[in-house]
Amino acid sequence: MESLTPENMKSLMNVSLGTVKADLVIRGGDLVNVYSGELLKGFSVAIKGKRIAYVGPDANHTIGLETKVLDASGSVLVPGFIDGHAHMINYASPNEFLRYAIKGGTTTIVTEIMELAFTSGYEGLVDWLDKVREQPIKIFSTVPPCITFSRAAREKTPTLEQLMELLKREEVLGVGEGFWQEVLRGKTKYPALAAEALKLRKSVEGHAAGCRSERLVAYAGFGVSSCHESVSAEEVVEKLRLGIWVMIREGSIRRELDAVSKIKNINLDFRRMTLVSDGVNPRDLVKNGYMETVVQRAIDVGFDPILAIQMVTLNVAEHFGLDAILGGIAPGRYADIVIIPDLQTIKAQCVLSNGQIIVQDGGLRVEPNVVPLTVQGPEEIRVNPSDFVIKANGNGPLKVRVIEQLTGLVTREVFCDLSPDHGELTVDLENDLLKVAFIVGQEKIFTGLISGHGLKTGAIATSGVWEASGTVVVGADEGDMAKAVNRVYEMGGGIVLYANGRIQAEIELSIGGIMSSLAIETVAQELANLQEKAETLGFRFSDAPLTLATLTTPAIPFLRLSEAGLVDVRNGDVVEFIVS
Ligand SMILES: [Fe+2]
């Protein structure tokens, strides 16, 4: 990003007064003024370089012989969309992600980058920040507080001093999401980072899933400035009242717009409400698009179109203190503009970013730059079926703690009385009891039991796991589990479904075990193929890689995996697998 210099300002002034001519004029569209909440009929915008010089009913005085004129009559001009909470590292490489993200009118992304901290530490974060800069749209990041249940991942993460150093960078807008349970337990770097962020006038991103009443108030006291986890209008109100910006999530992980849409009928100030994706996977991105779909959905569930647009433009810019340069069509701001047919139809006819036309007639005019990341993958190993054997003594029943998968994301703890078979605890397919393992290195493998997945045969493994670095495998057979895991490592990372003596589906994630080097369309296709095959084999949830990936996260209740064993999200402790 470039700061406005006094020379730039003078140049914008001269264009505005007509003494210097504009580079580009958009003429004759209706303009959404996100500051006043009005639709202004027949307005024009004059652009000099990357910035807006003039906005008004008539820009003819800014047009010279060299000025390019874009006729927008009959269309509507809105500011470029901002995703205020993204996870760009979502199977596809950043440049492949951008090819589709840009198309629909998103011109700024604020992304979490914790995935890199767990795989590649400080160097991984610096690598990202250095290399992702030069793109047709603006990309900002947040510094991750690096909250994990995996000791191996924790050892890789940067020191507090290193994270503090990264916070100072211009393209870093604040501290990334800090899961409230761990923050309140006082075990994280989050408070120190939050204090530093506030000193730097930067944001402190929160994650208050299920956090209410006194605990929410206590959490807000850490300077938490946003939360994207509200699932009802009541939660939205509670957070708005505490001064927390509410980011309504509508993405691949969860979609909350429908559930929270009641909020629109309550007479509240919505300046602190925004719409975010919290990550969109390649399948959804290629098929449905990005923030334009979210705005459209908001309108479809009954939000006023201008409010829906404010929630992905000005409100987000204000949250991050960027509204002097982004988030509205006004003088001095970056010329980030989307032309749509009408206020009810969020479909980009033309997208301008930094004063340049980057999308026209549905096609990209400027390709994103390749981002040559050097992400370290998980340590390469070979596993054997015997690595997944669960040894247990005695013949009588043992009380065993089992992960029960309730939804595609949420698990709970159940206790089962199981009798060892020849000194081993085994799968019980009739009762939907499968094995689950987390593998970090040859010596760091934990195998437990999981119910609810429904797989009747075979195994699914993925190296694309949350808040950790390693491979999660779920399977009905130790041999298939080993085959799936070894194939993941052979590819340098990936997702594999192995069953009936062969690989049924696979996706290469050779960039650090978390991103693919393949075209996003191919990744999307292969993810869909894997899901279809997994369901044929009995898998019950709608996104198998996501369900497996989240088994290592501290962010979602209740029982999770680490290389040291099962972890109870309620207290953050490793708990016994065989209880008695
Ligand atoms: Fe997130």
Lysines with Cα under 16 Å of K68, excluding same-chain neighbours fewer than 8 positions away: K21, K48, K50
Calculated FRET efficiency for the pair K391/D342, C-beta based, R₀ 41 Å, to 0.05: 0.05
What whole-number distance in Å separates the alpha-carbon centres of the stretch 191-242 and the stretch 98-158? 21 Å
Accessible area in the full protein assembly, largest first, 1.4 Å probe, for I503, I381, I325: I503, I325, I381
Inter-label distance for R201 and T19, nm, one decimal - labels placed 7 Å from Cα along Cα-to-Cβ: 3.0 nm
Using a 1.4 Å probe, how large is the accessible area of Y100, given in Å² and rounded to the nearest 10? 40 Å²
Computed accessible area, E134, all protein chains, 1.4 angstrom probe, square angstrom: 130 Å²
Estimated distance in nm for a label pair at R151 and S3, the labels positioned 7 Å out from Cα along Cα-to-Cβ: 4.7 nm
For the stretch 205-233, list residues with backbone N below 17 Å from a point placed 7 Å from the Cα of L268 toward its Cβ? 206-214, 216-217, 220, 225-233
Highest mean packing first, using Cβ neighbours within 10 angstrom, the peptides 461-471, 360-370 sort as 461-471, 360-370
Using r as the Cβ-Cβ distance of V69 and V370, and R0 as 41 Å, what FRET efficiency do you calculate, to the nearest 0.05? 0.80
Ratio Rg/Rh [Cα only; Rh per Kirkwood] for the chain: 1.01
For the chain, what is the relative contact order in percent, using Cα pairs closer than 8 Å and at least 6 residues apart in sequence? 15 percent
Output the 0 to 90 degree angle, nearest 10, between the alpha-carbon long axis of helix 478-490 and the longest principal axis computed from the alpha carbons of the chain. 40 degrees
By the scheme Lys and Arg +1, Asp and Glu -1, what is the net charge of all other residues having a beta-carbon under 15 Å from that of M247? -4
Can you tell me how much longer the chain between N60 and A528 gets when fully stretched, taken as 0.36 nm per residue apart minus their C-alpha distance, in nm with one decimal? 163.4 nm
Checking the cross-link filter: which aspartates and glutamates have an alpha carbon closer than 12 Å to that of K391, excluding same-chain neighbours under 8 positions apart? D421, E424
Where both residues lie in the stretch 1-104, what percent of DSSP beta bridges are antiparallel, nearest 5? 70 percent
Row for the stretch 240-345, column shape: gyration tensor on C-alpha, a ≥ b ≥ c, rounded if a/c < 1.5 i.e. under 1.5, prolate if a/b over b/c, else oblate; value rounded
Could you run the Debye sum over the Cα atoms of the stretch 186-243, one equal point scatterer each and no solvent, and tell me log10 of I(q)/I(0) at q = 0.24, 0.27 Å⁻¹, two decimals? -0.98, -1.15
Using the beta-carbon distance between I578 and N500 and R0 = 41 Å, what value does 1/(1 + (r/R0)^6) give for FRET efficiency, to the nearest 0.05? 0.85
Compute the acute angle (0 to 90°) between the alpha-carbon long axis of helix 190-199 and the principal axis of greatest extent of the alpha-carbon atoms of the chain; round to the nearest 10°. 10 degrees
Given the whole protein assembly as supplied and a 1.4 Å probe, what does the accessible area of E404 come to in Å², nearest 10? 40 Å²
E424 neighbourhood, Cβ < 15 Å, K/R = +1, D/E = -1, net charge -3
Taking every other residue with Cβ under 14 Å from the Cβ of V20 and scoring Lys and Arg +1, Asp and Glu -1, one gets +1
What 222 nm value per residue comes from the helices of the chain, counting each DSSP H run with n ≥ 4 as -39,500 (n - 2.57) and dividing by all residues, nearest 500 deg cm²/dmol? -7500 deg cm²/dmol
Over 19 Å (Cα to Cα) - which of K399/K435; K156/K187; K138/K189 fall in this group: K138/K189
Suppose a student asked you for the relative contact order of the stretch 225-371, using Cα pairs under 8 Å spaced at least 6 residues apart; what percent would you report? 15 percent
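The values are calculated or read from the model by the stated rules, or taken from the named source; none is laboratory data. Since the model is a prediction, treat every value here as computed from it, not as a measurement. Every residue, glycine among them, receives a Cβ derived from its backbone with ideal geometry; neighbour counts consider all protein chains shown. All accessible areas refer to the heavy atoms of the entire protein, side chains included, with ligands and DNA or RNA removed. Shrake-Rupley method; radii C 1.70, N 1.55, O 1.52, S 1.80 Å.
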